[in-house]
Amino acid sequence: MTTFDSLYSLPGLRVYSRIMDFAEIREAFERDGYYLAKGVFSSEEIEGLDKDFDRIVAQITSSGEETNAKWGGPEMERMGVQNAVVTHTHNVQKYSAAWARAMFHEGFLDVAEAILGPDIVLHHSKLFQKPAENGAPFPMHQDWDHFPTIKDTMIAGIIHVSRATDAMGCLRVYPGTHKLGRLPISYRSQDSEILAKYPLENAIPVEAEPGDVLFFHYYTIHGSMPNRSNETRKTVLVQLHAGDDTHEEGVSHPYERWALRGFNHQSKRSSVND
Ligand SMILES: O=C(O)CCC(=O)C(=O)O
């Protein structure tokens with residue numbers, strides 16, 4: 001695990017002691033398919049991001065649009081959580097300048113660079129608020145089929161705004177399952193081989209504190225339990241890929257293509273107009 005000691009910070013500038021060992025992070029990620037980076041965002045940074053997180057939630061819930069992104073299907077029925085809630089929007093950087101800056105956070109990108117190399121592209125971000133007592137779970141799944149890329153470099157980094165304990169429905173993973181590659185997408189019916197072989201109950205809970213970032217590959221089998229605690233779980237998941245990768249033809253998922261570090265080698269005059 002990496003820790004970041006903030007040596008000093010000036011407005012707009014934070015200098016980290018580089019306790020971080022790129023090789024150690026890459027090795028752990030390649031072995032396990034996930035990596036929990038501790039204390040990437042400072043408590044002052046999280047305080048500001050938390051305020052804007054709440055503003056985003058207030059704005060989307062008062063818009064009259066559907067904001068509950070809970071899944072349906074037999075697995076949700078089995079857990080008895082058909083009426084659970086997870087508030088969601090894509091692309092927090094389009095609401096808040098503080099969140100837009102968070103995408104370029106040095107410590108965050110340092111860990112991403114250890115995994116992806118020097119060129120890092122933002123695919124999209126997504127906010128999840130799992131309310132206390134009735135927060136929706138996510139059945140076990142891989143992410144690749146939502147936005148398959150040519151080189152399969154896609155990873156997620158979950159920025160923890162609140163803490164996330166297992167009782168609050170933190171992420172659960174099966175370490176090493178990124179090595180399985182692309183499994184059939186039958187999990188969408190939620191009655192699949194993945195669910196039978198990799199039950200949510202037996203997955204490893206990855207508990208985290210505010211400011212921690214949990215990185216995982218889009219092949220890593222993951223999910224999360226309901227939030228039955230009395231605390232709200234708040235996260236922003238940032239989907240990133242390497243600068244020489246791009247998603248496959250015909251994928252319709254929101255795609256920001258922002259060059260967060262280095263260069264986007266795949267951008268074209270036409271594609272940046274998406
Ligand atoms: O945040 C969570 O609990 C799970 C999210 C997830 O599985 C996903 O977005 O693919």
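Computed from the coordinates by the stated procedures, all read-outs in this text should not be read as laboratory data. All of these numbers come straight from a predicted model, not from anything done at the bench. Please note: Cβ atoms are built from the backbone with ideal geometry, for glycine as well, and neighbour counts cover all protein chains shown.
Given R₀ = 45 Å, FRET efficiency for SER270-SER62 by Cβ-Cβ distance, to 0.05?
Taking R0 as 45 Å, the efficiency between SER270 and SER62 is 0.80.
Ranked from highest to lowest mean number of other Cβ atoms within 10 Å per residue, what is the order of the peptides 152-161, 44-53?
The densest-packed peptide leads the list: 152-161, 44-53.
Give the long-range amide H neighbours of LYS70: residues separated by 5 or more places, or on another chain, with amide H under 5 Å away, using H modelled in the peptide plane at 1.01 Å from N.
Counting only residues 5 or more places away or on other chains, the set is VAL86.
Under a crude label model (7 Å from the Cα following the beta-carbon direction), how far is GLU30 from ARG101 in nanometres?
For the pair GLU30/ARG101, the computed spacing is 3.6 nm.
One-quarter of the Cα convex hull surface for the chain, in nm²?
Over every viewing direction, the Cα hull of the chain projects on average to 14.1 nm².
Rounded, prolate or oblate for the range 9-128? Axes are the square roots of the Cα gyration tensor eigenvalues, ordered a ≥ b ≥ c, and the cut-off for rounded is a/c under 1.5.
The shape class here is oblate.
Please give the peptides 74-85, 30-41 ranked by average Cβ packing (other Cβ atoms within 10 Å per residue), highest first, as a rough proxy for protection.
Packing proxy ranking, top to bottom: 30-41, 74-85.
Per 0.36 nm of contour for each residue apart, how much would the distance between LYS94 and ASP166 grow if the chain were fully extended, relative to their Cα-Cα spacing?
22.9 nm is the gain from fully extending LYS94 to ASP166.
Could you run the Karplus curve 6.51 cos²θ - 1.76 cosθ + 1.60 with θ = phi - 60° over the range 222-237 and give me ³J(HN,Hα) per residue in whole Hz, x for Gly and Pro?
Running phi through 6.51 cos²θ - 1.76 cosθ + 1.60 with θ = phi - 60° gives 8, x, 7, 7, x, 8, 10, 7, 9, 10, 7, 9, 10, 9, 10, 9 Hz.
Report, in listed order, any pair from LYS126/LYS179; LYS70/LYS197; LYS94/LYS130; LYS234/LYS268 with a Cα-Cα distance greater than 31 Å.
Listed pairs above 31 Å: LYS234/LYS268.
Treating the beta-carbon of each Lys and Arg as +1 and of each Asp and Glu as -1, no other charges, what is the dipole magnitude of the range 12-272 about its Cα centre, to the nearest 20 debye?
Around 320 debye, computed over the range 12-272.
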